[in-house]
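Take a look at the structure set out below.
The values are calculated or read from the model by the stated rules, or taken from the named source; none is laboratory data. Bear in mind the structure is a predicted one, so any value in this text is a computation, not a measurement. No Cβ is skipped: glycine too gets one built from the backbone with ideal geometry, and neighbour counts run over all protein chains shown.
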Amino acid sequence: MQLCMAYVAEQVKTAAAVGVAVFRSAPRRYAMRTMFRILPVLAATTLGACAFSSHPTKPSALGTSRSSAELLAVVDQPGPIELQTIAAADWAVDRSGLLNLQHPRAKAAGLTDGDEPIQLFFHVVRHPTQGMYIIDSGVERALRDDPDHAAVRGLAARFMHREKLKIHVPLGEWLSRQNEPLRGVLLTHLHLDHVMGIPDVPKGTPIFTGPGETGARAFLNVVVRPNIDREFEGQAPIQEWQYQPDAAGRFAGVLDVFGDGSLWALSVPGHTHGSTAYLARTPKGAVLFTGDTCHTAWGWENDVEPGTFTADHPGNAESLARLRTLVREHPTIDVRLGHQPLTGSSGGH
């Protein structure tokens, strides 16, 4: 963060120099107009220079590259994974962030902005030999019990309207009741609402995510980055999935996480650069975890990608279409969305 702020300071000096030059070389009314045009651009460029997190990363040794054809060969077969979905908290956020309200189908439905109720989940994956993993992380105990000392605080906490967050099951509280250790955390991406439970993860536990998540650059990173870094403070380097191009072209990349075809990681870039969906084969059938490639039930049912919370709308829309195609072709797949339950989904695998 210090390096980032040093860069910001240097760019502010540059902006000031530009301002002085403009004022000296042009009539005042034109100088003022030019300044108002230049400074927002400089500010956006400056703040965007900060990466999403300074936490170290390394390539993951877990996961074997496969093709989607190998996934499809087993997707309808029962598997050994036992699953449990935990609704850690209820929340409400802007509908315009969760859904692209400019999409023709959203306009036709008359959708408008406003608070949309959502939930923050973590999903428990139990493998007979690999042990217990979680997909995403819910929320940390301190966010409920000692919010002034939680990882998310200050300006970021105000931006996210922490007062609207109703916490039910912090990750640390849930872990304290388990009779087996946590073997790893499988993140769909690194947005705050998916990593707010990481401080409760025992230090040294492997944490996995898609490639390029920590290096993403955006205007708000100056505010978000200190919070993300606090979430991961003391943790081992984040391990990045080593996707290879899918030979069948169905997904950007496909990994067999444990090497036995029971749990799959799917590269679905768009919401973030490294967004990852997971598919688990359980005794009752396959379960797909979309992450925030789709936040809401309405978005999934109407094939409308997320709104302002997403980084790359065309990429997100393409990844959403690929996931929906998979489920359309294999309709017994149980779908778990990023932040809402899907009507008709069994939820009990």
Report those helices (runs of 4 or more DSSP H) wholly inside the range 36-118 carrying at least 3 residues which are among the aliphatic types (A, V, I, L, M), modelled with pLDDT under 95 and not assigned by TED's automatic domain parsing to the domain that holds Thr308.
none
Counting only residues that are under 18 Å from Tyr278 (Cα atoms) and not acidic (Asp, Glu), which one in the range 129-159 is surrounded by the fewest Cβ atoms within 10 Å (Cβ to Cβ)?
Gly131
Would a scan of the range 99-112 turn up a residue that is of a type in the set (D, E, K, R) and farther than 29 Å from Glu231 by Cβ?
yes
If I filter the range 171-185 for residues that are buried (at least 23 other Cβ atoms within 10 Å of the Cβ), in the same structural domain as Gln235 (by TED's automatic domain parsing) and touching a residue at least 60 places away in the same chain (Cβ under 8 Å), do I get at least one hit?
yes
In the range 170-223, what count of residues is obtained for those that are of a type in the set (Asp, Glu) and either closer than 15 Å to Trp241 by Cα or out of contact with any strand residue (DSSP E or B) (no Cβ under 9 Å at 6 or more places or on another chain) (or both)?
3
If the requirement is being surrounded by fewer than 18 Cβ atoms within 10 Å (Cβ to Cβ), under 15 Å from the mean Cα position of the chain (by Cα) and in a loop (DSSP other than H, G, I, E, B), which of these qualifies: Gly259, Gly234, Gly212, Gly249?
Gly212
Number of the exception - Phe309 against (1) more than 30 Å from His149 (Cβ to Cβ); (2) within 17 Å of the chain's Cα centre (by Cα); (3) of a type in the set (Phe, Trp, Tyr); (4) in a loop (DSSP other than H, G, I, E, B):
(1)
Inter-residue pairs, beta-carbon under 7 Å, first farther than 18 Å from Ile238 by Cα and in the range 214-226, second in a strand (DSSP E or B) and not hydroxyl-bearing (Ser, Thr, Tyr), 6+ apart:
Asn221/Ala51
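Looking only at the range 129-186, how many residues end up being of a type in the set (A, V, I, L, M, F, W, C) and not in a helix (DSSP H, G or I)? Steps first, please.
Filtering the range 129-186 down to residues of a type in the set (A, V, I, L, M, F, W, C) leaves 132, 134-135, 139, 142-143, 150-152, 155-157, 159-160, 165, 167, 169, 171, 174-175, 182, 185-186.
Cutting the leftovers down to not in a helix (DSSP H, G or I) gives us 132, 134-135, 139, 150-152, 160, 165, 167, 169, 182, 185-186.
Total satisfying the criteria: 14.
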